[in-house]
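The values are calculated or read from the model by the stated rules, or taken from the named source; none is laboratory data. Model, not experiment: these values are computed from the prediction. Glycine also receives a Cβ, built like all others from the backbone with ideal geometry; neighbour counts cover every protein chain displayed. These area figures cover heavy atoms from the full protein model, side chains too; ligands, DNA and RNA do not enter into them. Shrake-Rupley method; radii C 1.70, N 1.55, O 1.52, S 1.80 Å.
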Amino acid sequence: MGLGVSYEEAATPEGMRLYAVGDVHGRHDLMSALHARIMEEILHDRPPDWRIVYLGDYVDRGPASSGVIEQLTSMSAQDPRVIALAGNHDIGFLHFLSEPDPYGLFAMNGGYETALSYGVEIDFSDRSRMMPGHRALVDAVPQRHKAFLATLPFSASFGDFFFCHAGIRPGVALENQSATDLTWIRREFHGFSGLHPKLVVHGHTPVREPDIKSNRINLDTGAWHTGRLTALRMDGRQKTLIEAPM
C-alpha cells in the first residue's frame, strides 16, 4: 500500500467488523437508538469478531450527558469490544470536577447542561457563585463515572483504521501522537492532504455531512443540535454510513 493507506484501500482485519460512532454530546436518545441498531446488525449477521468504537465527547451541550456516561460505563464493563475513546470535552469535565474554573472548557462550552443532567444547577457568572454548584456536582457524579472518564484511552487501531477524537499530527508516528493532538488538533490535520499510515476515523469538528477524504473520515454531524448521530460500519474494504434517527 505504499507510504500510506487511502480510504478506498483501508480494510478491517479478516473476520472483524468495525463500527465507529461520532460525537454524542449528551444525546442519549440518539446514542441508545444507534447502538441498538448496531447490535441488531451484529446479532443478525454474526460476524466472527467485532468492535464498536465511540470517538469521544460524550458530555456537554446536549440534555442527557449523565445517561450517556452511565450507558457507556455499563456497556464497556460488560463487553470489552465496546470501546470509548477520550474527547476534549470528557477531559474538560473531569478537569472541572478537580479544578473548577468559571472560564474553562466545561463552564464555557455546555457544562451547564451536563451539570443539570446530574440534577445540579451551576451559576458560572463568577467563581464565588460557581463553587456551591461545583461542590454539589462533585457529590452528584457517581464514582464509577469519574473512574470511567479517568481511564478513557486516546486512540484505538484495528487493521488499516486508526480511531481518535480529533485527529493526528501529520508526520508523527501513530504510536507517538500526543494526547493533546488526539483530542484537540484541527488545522494541521485537516489541511494535510497526504496519506497517513492508516485511515484516520475521527470527530471533534462538526460538519453538515460526514466528511470523507482520501486520508480521513469525520463523523461529527453535530448530534446535540442537528439531531443526527452518525456512525460508520467497516467490513473488509466495505464502508457504510449509518445514522440515528433512522
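A few notes on this one:
- Bridging of LYS213 to lysines at a Cα separation below 24 Å is possible for LYS198, LYS239, once same-chain residues fewer than 8 apart are set aside.
- The chain: relative contact order as a whole-number percent, Cα under 8 Å and 6+ apart: 28
- Working note: 222 nm ellipticity from helices only, DSSP H runs with n ≥ 4, each -39,500 (n - 2.57), summed and divided by the residues of the chain, gives -10500 deg cm²/dmol to the nearest 500.
- Sequence of TRP50, TRP224, TRP184 from largest to smallest accessible area, 1.4 Å probe: TRP184, TRP224, TRP50
- Across region 207-214, computed HN-Hα scalar couplings (Karplus, 6.51 cos²θ - 1.76 cosθ + 1.60, θ = phi - 60°) run 9, 5, 10, x, 9, 9, 10, 5 Hz from first to last residue, x flagging Gly and Pro.
- For HIS25, the residues whose amide H sits under 5 Å from its own are TYR58, VAL59, ignoring neighbours fewer than 5 places away on the same chain, with H placed 1.01 Å from N.
- On Cα atoms only, tilt of 28-45 relative to the major axis of the chain in degrees: 30
- For region 150-223, size of Cβ-based charge dipole, Lys and Arg +1, Asp and Glu -1, in debye: 140
- Residue ranking by accessible heavy-atom surface, 1.4 Å probe, largest first, among SER155, SER125 comes out as SER125, SER155.
- Dividing the radius of gyration of the alpha carbons in region 141-246 by their Kirkwood radius gives 0.98 for Rg/Rh.
- Rounded to the nearest 10 square angstrom, ASP139 shows an accessible area of 130 square angstrom against a 1.4 Å probe.
- Each Lys and Arg contributes +1 and each Asp and Glu -1, all at the Cβ; summed about the Cα centre of region 96-206, the dipole is approximately 140 debye.
- Computed accessible area, GLU175, all protein chains, 1.4 angstrom probe, square angstrom: 150
- Here the chain is described by how far its Cα atoms reach on the three principal axes: 58, 40, 30 Å, from widest to narrowest.
- Amide H to amide H, with H built 1.01 Å from N, ALA84 comes under 5 Å of TYR54, counting only residues 5 or more places away or on other chains.
- Cα lying deepest toward the dipole's positive end in region 48-131, options GLY110, LEU72, SER125, charges on Cβ: LEU72
- The listed peptides 35-41, 81-87, 97-103, 58-64, ordered by packing as a protection proxy, come out as 58-64, 81-87, 35-41, 97-103 (highest mean of other Cβ atoms within 10 Å first).
- Annotation: Cα Rg of region 49-121 relative to the compact-globule expectation 2.2 N^0.38 Å equals 1.16.
- Result for the chain in a Gaussian network model with C-alpha springs under 10 Å: among PRO170, PRO210, PRO142, the largest mean-square fluctuation is at PRO142.
- Per-residue HN-Hα couplings for region 233-240 [Karplus 6.51, -1.76, 1.60; θ = phi - 60°; Hz; x = Gly/Pro]: 9, 10, 9, x, 9, 7, 10, 9
- Using alpha-carbon coordinates, inclination of helix 127-140 to the longest axis of the chain, degrees: 60
- For the options LEU182, LEU174, LEU30, a Gaussian network treatment of the chain with springs between C-alpha atoms closer than 10 Å singles out LEU174 as fluctuating the most.
- When the chain is described by a simple charge dipole with +1 on each Lys and Arg Cβ and -1 on each Asp and Glu Cβ, the residue from VAL5, GLY87, LEU34 located farthest towards its positive end is VAL5.
- Put simply, the amide H of ILE242, placed in the peptide plane, has neighbours under 5 Å in ALA231, LEU232, ARG233, leaving out anything fewer than 5 places away on its chain.
- Using θ = phi - 60° in the Karplus curve 6.51 cos²θ - 1.76 cosθ + 1.60, the 3J(HN,Hα) couplings for region 181-189 round to 5, 4, 10, 10, 4, 9, 3, 5, 6 Hz; x is entered for Gly and Pro.
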